[in-house]
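Right, one structure below, let's go through it.
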């Protein structure tokens, strides 16, 4: 029986992934701050872990290795976001976002790699975002964490291929998750000089929310990446994400910025703007 570790297992994509892999007969270890409060599923072991606490992460992996001698897949799904004007978001909250999204993820990777190296195979799947592929006002801090994950994944892949370990990154657009539903956060850290643009971003995100991917759709792709013989390095998820990746490669930043700001002039303009791309 193959073993997978899933982070963010108590909600959203992580919860959907736990269910998906359980149904497919995997031995699943779900990690989250309140993981043990979730309903029991076959072949699923839930462990309470705060990814920002290195000792808790180390202890969780040690606990897993008392129940299995191998780790086939690590799915890094847990994430948090603080959105708003770069000037107004408190640095303490920005650091917390980096602690969870980047350092928490890398701490777990560091703890699982020795087992994967020893067994001569493994697969690391990290859910990033396509938000760092476009110019998107008020997403800067969150996008920076995802850009960091992309770069670190590229370097990690080059380092661990020699051990039979494969590294893939998913770049979805908007997903129907509790985090995505907090679009009014733009208004908290988008006040005074930024209030007008913040209101437009909030309206645009609300208008296009119906185009969001479901957690189950993303979880299905994670399963496909985990089980395919030759996984790709990157998976843009959704039509809008694929368009964003191509646009980022071909268009100058000046034009991307103009497109992004143009998308927030009115709800009608959103159809061609960045907000629409983010939510496909």
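To the nearest 10 degrees, how steep is helix 253-262 against the longest Cα principal axis of the chain, on a 0 to 90 scale?
Computed tilt is about 70 degrees.
Pick from 65, 213, 149: which residue has the top mean-square fluctuation in a GNM of the chain where Cα pairs under 10 Å get a spring?
The residue that fluctuates most here is 65.
Largest first and in whole Å, give the semi-axes of segment 6-94's equivalent ellipsoid, each being the square root of 5 times a Cα gyration tensor eigenvalue. Let's see the in-between values first.
On the way: eigenvalues 151, 48, 22 Å².
With the √(5λ) rule applied to segment 6-94, the semi-axes are 28, 16, 11 Å.
Return one number: the angle in degrees, 0 to 90 and rounded to the nearest 10, between the long axis of the Cα atoms of helix 239-250 and the longest principal axis of the Cα atoms of the chain.
Value to nearest ten degrees: 70.
What is the diffusion coefficient of the chain in µm²/s, taking the Kirkwood radius over Cα pairs and the Stokes-Einstein relation at 10 °C with a viscosity of 1.306 mPa s?
Values: Rh = 19.2 Å.
It diffuses with D of about 83 µm²/s by this estimate.
What is the fewest-to-most order of 129, 59, 168 by other Cβ atoms lying within 10 Å of their Cβ? Mind showing how you got there, number by number?
Details: 129 27, 59 14, 168 20.
By the 10 Å Cβ count, ascending: 59, 168, 129.
Report the residue, chosen from 214, 126, 66, that carries the largest GNM mean-square fluctuation when the chain is represented by alpha-carbon nodes joined by springs under 10 Å.
66
Can you give the FRET efficiency for residue 192 and residue 68, using 1/(1 + (r/R0)^6), R0 = 45 Å, r = Cβ-Cβ distance, to the nearest 0.05? Provide the component values of the computation, followed by the final result.
Values: r = 53 Å, r/R0 = 1.19.
Using R0 = 45 Å, I get an efficiency of 0.25.
Please state, rounded to one decimal and in Å, the Kirkwood hydrodynamic radius that segment 81-179 gives when every pair of distinct Cα atoms enters the mean of 1/r. Kindly include the intermediate steps, with their values, before the conclusion.
Details: mean 1/r = 0.0687 Å⁻¹.
That comes to 14.6 Å for segment 81-179.
Helix-only estimate, please: 222 nm mean residue ellipticity of the chain, summing -39500 (n - 2.57) across DSSP H runs of length 4 or more and dividing by its residues, to the nearest 500. Write out the running numbers ahead of the final one.
Working: 11 runs with 127 residues, N = 280.
Mean residue ellipticity, 222 nm, calculated: -14000 deg cm²/dmol.
Name the most mobile residue of 193, 226, 144, meaning the one with the largest mean-square fluctuation, in a Gaussian network model of the chain with Cα contacts below 10 Å.
Maximum fluctuation in the GNM of the chain, among the listed residues, is at 193.
Where a number appears in this text, it was derived from the coordinates with a stated rule and is not lab data. Note that this is a predicted model, so its numbers are computed, not measured. Neighbour counts are summed over all protein chains in view; Cβ atoms, including those assigned to glycine, are modelled from backbone coordinates with ideal geometry.
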